[in-house]
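One structure is given here, and the rest of the page talks about it.
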Ligand code: GLV
Ligand code: MN
Ligand code: MN
C-alpha cells in the first residue's frame, strides 16, 4: 500500500534540540536554566534570534501591539484561515530551558520539516510566540493571549507594573518590540500548543505523550495587609498590629483549604513583600499572592470564597486591614474534541504511548480556546519538575511530541498534493 502524503514524515530531532540549546544561551540563569523574563533585554535578544530562524525558514513576521510575534508560512488557499501553533519564549526568573520554549521551537521545527519535504498545505501555518505568558514580571500570566481573546483591555495590560514600578507599555517600547497590529484582529482556523507537562504523571505512567483534554481553572489573589510599623523589641505583644502574623496565618489557611478539597485542588503562596522588611521592625504592610487551582469550577469558587472569608476573620482578630485584588482568573477549560482526537490519532499512528491528561499549569491555549478550536500536546519532564532551573527533558521526549504536533498540524492545515 502506498503511504498517504506526509504519513512517514518525522521532525528533525537534532535540529530541534540544537535550537533549544542555542536559545538557552540567551538569558542564562544561575543554575543551568534561564532568566529570560518578559520585556527584558534578554527577551528582546531571544526574539531576534527566533526571528532570524523564522525568516531563514521563509516565514513572514507580524507583531501586534502586545508584542506577540506571528510568523506565517503561506497556504495555497488565500481564503483559508491559518492554523496557529505556538507557546512562549519568556521564562520565570529561575526558569527552565523548556517551559514554553519547546512549544515555540517545535512549531518552527514543524515548518522547517515541511519545507525540507516540500509539503504544502491549504491553510497557512502561523508559528506564534505569545508575549508575557509567565506573568512573573507583569501579572497576570497569559497576558497577551488574554488581550487577544478580549479578556483584558490593551490599556489594562499596558498599565501592569513590575516590582520596580516599570509598566508593560513602557518596557515593550523600550525593548523595541511594540508592533503595529491591533491585538486580536487575527482569526484562527485552529490553535495547537505543545508543552512539557510540568508535573509527574507522564513519567510515572511511562507515557511519551499527554493528550491534553482540559486545563484546570485558577484564581490569583493579591492580598495587601495593613498593620502598624513598630519596634520589635520594645512593643509589648498586646500592643502589636502585626501584618506579618496575619499573613502567616492566612498562608497556613490556604494550605488547609487546598487539603480539604483533595483530590484535585492545589493552593499556595508564591510571593511575599514585607514592608519595611527590617529585622527589628514589625511589618506595617505585607503584600502577598495566593494561587489556587482545580479542574472543578464549583470547587474553585468555594475555595476562593472560603479563603477570602477566613482571611477577613484572621485580620479582624488581629486588627489588621485586609484588601484583596483579583489579579488573575480563568475557569477550567475543555479543549476542542476534534483537535484532541487528532492528537490522539497522531500518537497512535506514530506508535507512541499516550494517555489523556489535564493541564495543571495555565497556558496561552486556555485563552486561544475562547476564540478558536484549540488543544495541547504534552511530553514528560524529569521528576515533574518545572519553574526550576533544573527542569529537564530528553531529546527523544521532545522529538516524540513534536512528531505528534507535526502530524496533527498537517491533518488540520490539510496537505495539498
Ligand atoms: C503559568 O506558567 C502558570 O502559572 O500556570
Ligand atoms: Mn509555559
Ligand atoms: Mn511557566
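Quick look at the numbers
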item	result
Options 316, 305, 310, 392: the member that is more than 15 Å from ligand 1 (Cβ to nearest atom), assigned to a loop (DSSP other than H, G, I, E, B) and at negative phi	392
Matching residues, the stretch 334-360, being within 15 Å of ligand 3 (Cβ to nearest atom) and either within 11 Å of residue 193 (Cβ to Cβ) or touching a helix residue (DSSP H, G or I) at 6+ places or on another chain (Cβ under 7 Å) (or both)	359
Qualifying residue in the stretch 342-356 (condition: within 30 Å of residue 90 (Cα to Cα), more than 16 Å from ligand 2 (Cβ to nearest atom), without any contact (Cβ under 8 Å) to a residue 40 or more places away in the chain and surrounded by fewer than 16 Cβ atoms within 10 Å (Cβ to Cβ))	no
Any hit, the stretch 291-298, residues being assigned to a strand (DSSP E or B) and surrounded by fewer than 18 Cβ atoms within 10 Å (Cβ to Cβ)	no
Unique match (being more than 15 Å from residue 86 (Cα to Cα) and within 16 Å of ligand 1 (Cβ to nearest atom)) among 136, 144, 131	136
Residue match in the stretch 153-162 (condition: closer than 25 Å to residue 272 by Cα, more than 16 Å from ligand 2 (Cβ to nearest atom), part of a loop (DSSP other than H, G, I, E, B) and over 16 Å from the mean Cα position of the chain (by Cα))	yes
Restricting the stretch 95-129 to residues that are within 14 Å of ligand 2 (Cβ to nearest atom) and part of a loop (DSSP other than H, G, I, E, B), the residue that is nearest to residue 24 (Cα to Cα)	97
Any hit, the stretch 141-163, residues being under 22 Å from residue 24 (Cα atoms) and either within 16 Å of ligand 3 (Cβ to nearest atom) or surrounded by 18 or more Cβ atoms within 10 Å (Cβ to Cβ) (or both)	yes
Test set (1) assigned to a strand (DSSP E or B); (2) within 16 Å of ligand 3 (Cβ to nearest atom) - residue 132 fails condition number	(1)
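Residue by residue, here is whether (1) at pLDDT 95 or above; (2) under 26 Å from residue 170 (Cα atoms); (3) crowded, with 19+ Cβ neighbours inside 10 Å holds:
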| site | (1), (2), (3) |
| --- | --- |
| 47 | yes, yes, yes |
| 52 | yes, yes, no |
| 89 | yes, yes, yes |
| 98 | yes, no, yes |
| 117 | no, no, no |
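The values are calculated or read from the model by the stated rules, or taken from the named source; none is laboratory data. Keep in mind the model is a prediction, meaning the values are calculated, not measured. So basically every Cβ, Gly included, is an ideal-geometry build from the backbone, and we count neighbours across all protein chains shown.
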